[in-house]
Amino acid sequence: MLKNVALTDILFLDIETVPEEAEFEQLDQEKRDLWEQKTKYQRKEEISAEEFYERAGIWAEFGKIICISVGYFNFKGSSRNFRVTSFFGEEIKLLKEFKNLLEVHFNRPKQLLCAHNGKEFDFPYIARRMIIHRIPLPNKLDLFGKKPWEVPHLDTMELWKFGDYKHFTSLKLMANVLGIPSPKADIDGSMVREVYYQEQNLDRIIRYCELDVITLAQVFIRMRNEELLSEDEIKRV
């Protein structure tokens with residue numbers, strides 16, 4: 001049961017990713033060929049590999065992480081707050097900083113990572129990018145040899161499936177049906193590449209990523225049938 005997990009033992013997280021290069025032409029020829037082969041079955045015949053490159057950020061082999069936002073609960077007596085912070089900038093730097101957070105503050109067996117669709121996207125993406133940068137995996141992301149019940153990951157989309165493997169529900173839709181106010185973000189996921197490469201406005205992306213982490217936490221506590229966080233309880237650090 002979800003209520004058996006202490007909120008203070010959960011690190012909520014979200015990542016934002018973009019293609020590794022701003023334009024398809026900036027890839028070397030071998031990487032272009034590999035991209036064309038990789039996406040052959042996803043693309044319609046009339047869409048070229050170059051046109052499809054705007055979606056490259058969803059693949060760890062062709063994209064990179066530009067922001068990891070995390071949030072965690074803190075309780076003092078009967079009061080609570082939810083603290084949110086972000087790692088951003090050069091990918092290898094933010095990955096090392098995130099790894100340090102896991103190893104210093106979230107390294108106990110009972111502590112868990114939580115993301116929406118995290119088991120399919122966030123967790124493997126972070127692990128793959130760490131391996132690409134030759135960063136040793138922290139224990140929370142090294143799943144080799146672990147039994148399913150030993151994997152320290154929670155996934156709100158998986159929890160919402162209730163065993164229905166065909167079902168996909170976005171975080172935004174879950175928030176809507178659970179009566180959680182929509183975060184006032186000025187961008188959505190489809191705009192991240194443009195905002196990063198054309199506007200060069202990383203601050204907008206960080207804000208968007210942090211709002212998703214807050215929504216993620218709200219969805220989780222709503223699934224526990226607990227009171228939602230108020231604005232006063234949310235702290236950005």
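All of the numbers you see were taken from the coordinates with simple rules; none came from a lab. In this text, all values refer to a predicted model and were calculated from it rather than measured experimentally. We place every Cβ from the backbone using ideal geometry, glycine too, and count neighbours over all the protein chains shown.
One table, with the values for the structure above:
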| quantity | calculated |
| --- | --- |
| Burial order of peptide ranges 86-94, 173-181 (average beta-carbon count within 10 Å, highest first) | 86-94, 173-181 |
| Built amide H within the under 5 Å cut-off of Cys114, gap 5+ | Leu11, Phe12, Leu13, Leu154 |
| Rounded if a/c under 1.5, otherwise prolate or oblate - the stretch 53-96, Cα gyration tensor axes | prolate |
| Exposure proxy order (Cβ contacts within 10 Å, fewest to most) of His116, His105 | His105, His116 |
| Helix 202-223 axis, angle to the chain major axis (alpha carbon atoms, nearest 10°) | 40 degrees |
| Partner aspartates and glutamates for Lys161 [C-alpha distance under 15 Å; skip if fewer than 8 residues away on the same chain] | Glu120 |
| Per-residue [θ]222 nm for the chain (sum of -39500 (n - 2.57) over DSSP H runs n ≥ 4, rounded to 500) | -10000 deg cm²/dmol |
| Neighbour-count ranking [beta-carbon atoms within 10 angstrom, fewest first] of Phe121, Phe168 | Phe168, Phe121 |
| Gap separating the Cα centres of the stretch 68-92 and the stretch 144-193, nearest whole Å | 18 Å |
| Gain on full stretching of the segment that runs from Lys161 to Asp28 - 0.36 nm per residue minus C-alpha separation | 43.8 nm |
| The chain - share of DSSP beta bridges that are antiparallel (%, nearest 5) | 65 percent |
| DSSP-assigned coil residues among trypsin sites (Lys or Arg not before Pro) in the stretch 169-236, each with at most 14 further Cβ atoms within 10 Å | Lys184, Arg224 |
| Among (i) -0.40, -0.49, -0.60, -1.52; (ii) -0.33, -0.42, -0.51, -1.41; (iii) -0.51, -0.59, -0.67, -1.20, the entry that matches log10 I(q)/I(0) by the Debye sum over Cα atoms at q = 0.09, 0.10, 0.11, 0.18 Å⁻¹ as calculated here | (i) |
| Given Lys40/Lys93; Lys40/Lys146; Lys38/Lys110; Lys76/Lys166; Lys3/Lys96; Lys110/Lys172, the pairs whose alpha carbons are separated by over 30 Å | Lys40/Lys93; Lys40/Lys146; Lys38/Lys110; Lys76/Lys166; Lys3/Lys96 |
| Karplus (6.51, -1.76, 1.60) ³J(HN,Hα), θ = phi - 60°, over the stretch 96-111, in Hz, Gly and Pro reported as x | 5, 5, 5, 4, 4, 4, 5, 6, 8, 10, 10, 10, 7, x, 7, 7 |
